Amino acid sequence: MASPMRAVISGSRVLRCLRLTSLQRNFAALSSRREISFKLDEKTAHSSLDLFKKDTGVIYRILGIDPSKVPQNLERFREWAVVFGDTPIVSGRHYWEVTVKKSNEFRIGVADSDMSRDECIGVSSRSWVFAYSHRKWNGMVVNKIIPITNIGHPSKVGILVDYEGRKLSLVDPEKGSLIHTLNADFRGPIVPAFALWDGELLTHSGLDVPASL
């Protein structure tokens, strides 16, 4: 029969083991719920797009700025009304939200940070986006259009990136549920990507991945 002292020592070891296991589980949970904080990168913005609210929002101007009057650089989109976020993603799960203000035609998602500035997100094979146009939603990947039903014009939507899982999801922020998920072929750094042809979009980053996701 084990002595009382040995039983106490054994119980203490078991308790420490349980605590360590709990800490490891909590750390794993936190590691899988990383957050990304970004602003829109003016250096990439097409001349028809203006940034506002400390570069977290973008508005489409019909006439835009004379292309010859914006700083010329290789990072700027030249043909399409696209702007990138300024923070690359190379691992983990990340979540942000987008408030839609009076826009009826836009695309939101991610793209390779070095994709061609002469292409549009959703058409380039190095981008993965959700598009809203003509009162309909579609997923766009490798120039394929995937209809998404049962959602209307949004006031706010969420984007969830799972880099290792190679997935991009459209999220209903109010319900905390996935609307649709695209399979993606991430190979290098990707960045948040936005395109719009009317209205405004306002981004909200620095958010935890919702526990329900």
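One residue stands out in segment 110-121 among those that are open to solvent by 20 Å² or more (accessible area, probe 1.4 Å) and touching a Gly at 6+ places or on another chain (Cβ under 9 Å): the one that is farthest from I159 (Cα to Cα), namely D114. Applying a threshold of 9 Å to beta carbon distances and a minimum spacing of six or more residues, or different chains, the list of pairs starting in segment 43-60 at a residue that is touching a residue at least 40 places away in the same chain (Cβ under 8 Å) and under 21 Å from C120 (Cα atoms) and ending at one that is among the aromatic types (F, W, Y) and surrounded by 19 or more Cβ atoms within 10 Å (Cβ to Cβ) reads T44/F77; T44/F84; L49/Y60; L49/F77; L49/F194; T56/F38; V58/F194; Y60/F106. For segment 143-167, the set of residues classified as touching a Lys or Arg at 6+ places or on another chain (Cβ under 9 Å), open to solvent by 20 Å² or more (accessible area, probe 1.4 Å) and β-branched (V, I, T) consists of T149 only. Taking the conditions (1) open to solvent by 10 Å² or more (accessible area, probe 1.4 Å); (2) closer than 17 Å to D41 by Cβ in turn, E97 satisfies each one other than (2). Filtered by the rule that a residue be of a type in the set (D, E) and open to solvent by less than 50 Å² (accessible area, probe 1.4 Å), segment 170-184 gives a lone residue, D172.
I'd like to know if segment 159-171 contains one or more residues that are in contact (Cβ under 8 Å) with a residue 40 or more places away in the chain, among the charged types (D, E, K, R) and out of contact with any helix residue (DSSP H, G or I) (no Cβ under 6 Å at 6 or more places or on another chain). Within segment 159-171, one or more residues are in contact (Cβ under 8 Å) with a residue 40 or more places away in the chain, among the charged types (D, E, K, R) and out of contact with any helix residue (DSSP H, G or I) (no Cβ under 6 Å at 6 or more places or on another chain).
Examine segment 138-145 for a residue that is in contact with an Asp or Glu (Cβ under 7 Å, 6 or more places away or on another chain) and of a type in the set (D, E, K, R), and state whether such a residue exists. No: zero hits.
Within segment 181-203, the set of residues being closer than 17 Å to R93 by Cβ, assigned to a strand (DSSP E or B) and in contact (Cβ under 8 Å) with a residue 24 or more places away in the chain comprises L182, N183, I190, V191, P192. Name the residues in segment 125-144 that are among the β-branched types (V, I, T) and either in contact with a Phe, Trp or Tyr (Cβ under 8 Å, 6 or more places away or on another chain) or modelled with pLDDT of 95 or more (or both), would you? Residues satisfying the conditions are V129, V141.
When S124, S133 are screened for being hydroxyl-bearing (S, T, Y), open to solvent by less than 10 Å² (accessible area, probe 1.4 Å) and over 13 Å from the mean Cα position of the chain (by Cα), only S124 passes. Of the numbered criteria (1) open to solvent by 20 Å² or more (accessible area, probe 1.4 Å); (2) farther than 18 Å from G57 by Cα; (3) at pLDDT 95 or above, the one R107 fails is (2).
The values are calculated or read from the model by the stated rules, or taken from the named source; none is laboratory data. Since the model is a prediction, treat every value here as computed from it, not as a measurement. Every residue, glycine among them, receives a Cβ derived from its backbone with ideal geometry; neighbour counts consider all protein chains shown. When the accessible area is computed, the model is the full protein with side chains, heavy atoms only, and any ligands, DNA or RNA have been set aside. Shrake-Rupley method; radii C 1.70, N 1.55, O 1.52, S 1.80 Å.
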